[in-house]
Every structure is written in C-alpha cells, then in structure tokens.
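The values are calculated or read from the model by the stated rules, or taken from the named source; none is laboratory data. From a predicted model like this one, the values you see are computed outputs, not experimental measurements. For neighbour counting, all protein chains shown are included, and Cβ atoms are generated from backbone atoms with ideal geometry for every residue, glycine included. Surface areas here come from the heavy atoms of the whole protein model, side chains and all, with no ligands, DNA or RNA. Shrake-Rupley method; radii C 1.70, N 1.55, O 1.52, S 1.80 Å.
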Amino acid sequence: SNMITSVYSGSSSIIAKALQYINRNYKDKITLTDIENNLNVNGSYFSSLFRHEMGITFTEYLNQVKIDYACQLLETTNLSIIDISLATGYEDQSYFTKVFKKCTGETPKQHRNKAANQIEQ
C-alpha cells in the first residue's frame, strides 16, 4: 500500500500528505474528519480535490488499501475473518465482508480458500 503513495505524481501536497496519513493509519478507523483535522483542510474541498487527483473518492481509496491488507492477512495468516476485520479497522464483520466483496468480487472466505488452493497446486 505504500507503493500507492510513491506512485502519486500529482501536484497537490494536500493529497500527498493525505495518502501518507492513510498509509500510516489504515489499520485504524479513519474518517474524513480525521483527515480534515490532521491536514487542517476543509472536508468538501478535500473530497473534491481527492476525487479530481486520484480518480476515485477518499472512501473508495481507503477501502481499497484496507482490503489489500486484508487479502494479505487472509493469504498469510490463520486469523479469523472477525480478527482480520478488526485488524483492518472495520468494527462490523458483515460490513467488512460487504466492502471486501465489492472490492474483490468474492467474500473473504472465498478469497482465503482460493489462495489456499493456489498454494497447493
């Protein structure tokens, strides 16, 4: 996920700082208000700038970073789905599963099983 920050080549220091903040804190529950407070920026301005610079919304980006980390955990650990949900900053496992499926097209359990099958082959 830190690669995403290093690939950002836009001109906005606000977005660069936001990406650094997200990549450092994605395991916690991060809100737009956290970004506003940490970067001293207006939320509406930040949201529209983020979408313009990144091509996706702040929430979509944050979820993608979290789900990428969840995929790593599913593939490399035996942590339960609820523990992975908590480790990626989602307090509600069913919401985590919904976001995971939206981002990957499969449930966390399906992803883990697919990864396990690929290792066996």
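State all residues of the range 12-55 that are under 22 Å from residue 88 (Cα atoms), part of a loop (DSSP other than H, G, I, E, B) and either open to solvent by less than 60 Å² (accessible area, probe 1.4 Å) or modelled with pLDDT of 95 or more (or both); if no residue qualifies, say none.
26, 30, 31
Within the range 85-99, can you find the residues that are free of Cβ contacts under 8 Å to residues at least 24 places away in the same chain and assigned to a loop (DSSP other than H, G, I, E, B)?
Going residue by residue through the range 85-99, those that are free of Cβ contacts under 8 Å to residues at least 24 places away in the same chain are 85-86, 92-95, 97-98.
Within the range 85-99, 92 is the sole residue that qualifies.
Mind listing whichever residues of the range 90-120 are closer than 13 Å to residue 64 by Cβ and buried (at least 16 other Cβ atoms within 10 Å of the Cβ)?
99, 100, 103, 104
Pairs only if they're at least six apart or on different chains, beta carbon under 7 angstrom, first in the range 39-53 and within 15 Å of residue 21 (Cα to Cα), second open to solvent by 100 Å² or more (accessible area, probe 1.4 Å) and of a type in the set (Asp, Glu); list them, first residue then second.
none
Restricting attention to the range 48-60, does a residue exist that is farther than 16 Å from residue 12 by Cα and either charged (D, E, K, R) or out of contact with any strand residue (DSSP E or B) (no Cβ under 8 Å at 6 or more places or on another chain) (or both)?
Initially, the range 48-60 is screened for residues farther than 16 Å from residue 12 by Cα, giving 59-60.
Now drop any that are not either charged (D, E, K, R) or out of contact with any strand residue (DSSP E or B) (no Cβ under 8 Å at 6 or more places or on another chain) (or both), which leaves 59-60.
Looking for residues that are farther than 16 Å from residue 12 by Cα and either charged (D, E, K, R) or out of contact with any strand residue (DSSP E or B) (no Cβ under 8 Å at 6 or more places or on another chain) (or both), one finds at least one in the range 48-60, hence yes.
Residue 65 - would you say it is in contact with a Phe, Trp or Tyr (Cβ under 8 Å, 6 or more places away or on another chain), surrounded by 13 or more Cβ atoms within 10 Å (Cβ to Cβ) and β-branched (Val, Ile, Thr)? Please lay out each step first, then the result.
On the way: in contact with a Phe, Trp or Tyr (Cβ under 8 Å, 6 or more places away or on another chain): yes; surrounded by 13 or more Cβ atoms within 10 Å (Cβ to Cβ): yes; β-branched (Val, Ile, Thr): yes.
So residue 65 passes the test.
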